[in-house]
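Chemist: The structure's right below; bear with me while I get my questions together.
The values are calculated or read from the model by the stated rules, or taken from the named source; none is laboratory data. Model, not experiment: these values are computed from the prediction. All Cβ positions, even for glycine, are placed from backbone atoms using ideal geometry, and neighbour counts span all protein chains on display.
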Amino acid sequence: AQSVTQLGSHVSVSEGALVLLRCNYSSSVPPYLFWYVQYPNQGLQLLLKYTTGATLVKGINGFEAEFKKSETSFHLTKPSAHMSDAAEYFCAVSGEAAGNKLTFGGGTRVLVKP
Amino acid sequence: DSGVTQTPKHLITATGQRVTLRCSPRSGDLSVYWYQQSLDQGLQFLIQYYNGEERAKGNILERFSAQQFPDLHSELNLSSLELGDSALYFCASSVHTGGALGNTIYFGEGSWLTVV
């Protein structure tokens, strides 16, 4: 079975400050890891994903995440927050044995203060 | 725009009723997934179809059923609706299913269901 834990259901950052969203996973098979963003009243949009290879993954809108197998983590960062980053962010895991379905964390809502 | 189309966008219905949510996957995608998003349960995987066949089943109630048609569109049927079924229902699609390297799953904008 696979599971995802996102630490902090709400994060508040100042505009221009570092955004750090934490994600830890559990998986009995090699994981594929994803970050999705959900803007108000919209669907989920893929920010980035890790499958194999380079452990530092760059995504859209200046976000990146690093896969750390030893820590079972896949934290999401952005060096400088923008007002448009206010949204809810979901970490997810999938694996070959799981039929490629995604298992999501509880989500982290990001508030950006001017 | 992800290319995944869901209808209707909003639906209000009474308890005990039955509704059908429809999904058209991205062109070329063979796999369709249904997810439920609610405040108390978060994002829950319901069911997956691949090229017309059920591939994986998650936390889907017996009152709910789904199918994928030969043209690859999918429908999620919700019956004997209860207040607790009020949620945002997402359809998503991907090219392949298990065995592929974590291929991207694209989500539609969801169907908001309110049961009153």
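Chemist: Do you know which residues across the range B:36-51 are of a type in the set (A, V, I, L, M) and within 16 Å of residue A:2 (Cβ to Cβ)?
Modeler: Of everything in the range B:36-51, just one residue is of a type in the set (A, V, I, L, M) and within 16 Å of residue A:2 (Cβ to Cβ), namely B:43.
Chemist: Just one of the numbered conditions (1) more than 10 Å from the chain's Cα centre (by Cα); (2) within 12 Å of another protein chain (Cβ to nearest Cβ); (3) at positive phi is not true of residue A:106; which one?
Modeler: (3) is the only condition that residue A:106 fails.
Chemist: Could you pull out the residue among A:4, A:19, A:57 that is within 23 Å of residue B:88 (Cα to Cα) and crowded, with 17+ Cβ neighbours inside 10 Å?
Modeler: A:4
Chemist: I would also like to ask the following. Look at the range A:45-77 and say how many of its residues are among the aliphatic types (A, V, I, L, M) and under 10 Å from the mean Cα position of the chain (by Cα).
Modeler: Looking only at that region, the number is 5.
Chemist: Going residue by residue through the range B:13-36, is there one that turns out to be touching a helix residue (DSSP H, G or I) at 6+ places or on another chain (Cβ under 9 Å), farther than 23 Å from residue A:90 by Cβ and among the hydroxyl-bearing types (Ser, Thr, Tyr)?
Modeler: There is at least one residue in the range B:13-36 that is touching a helix residue (DSSP H, G or I) at 6+ places or on another chain (Cβ under 9 Å), farther than 23 Å from residue A:90 by Cβ and among the hydroxyl-bearing types (Ser, Thr, Tyr).
Chemist: Now for a separate question. Is the range B:41-59 home to any residue that is surrounded by fewer than 16 Cβ atoms within 10 Å (Cβ to Cβ) and either among the acidic types (Asp, Glu) or at pLDDT 95 or above (or both)?
Modeler: Yes, that holds for at least one residue.
Chemist: Additional query: Of these, B:21, B:81, which one is surrounded by 16 or more Cβ atoms within 10 Å (Cβ to Cβ) and within 12 Å of the chain's Cα centre (by Cα)?
Modeler: B:21
Chemist: If residue B:63 meets every condition in (1) more than 9 Å from chain A (Cβ to nearest Cβ); (2) modelled with pLDDT of 95 or more; (3) under 18 Å from residue A:37 (Cα atoms) apart from one, which number is that one?
Modeler: Unmet for residue B:63, out of (1) more than 9 Å from chain A (Cβ to nearest Cβ); (2) modelled with pLDDT of 95 or more; (3) under 18 Å from residue A:37 (Cα atoms): (3).
Chemist: Kindly state which strands (runs of 3 or more DSSP E) lie completely within the range A:1-82 and contain at least 3 residues that are in contact (Cβ under 8 Å) with a residue 40 or more places away in the chain.
Modeler: In the range A:1-82, the matching strands (runs of 3 or more DSSP E) lie at A:3-7, A:10-14, A:19-26, A:32-38, A:73-78.
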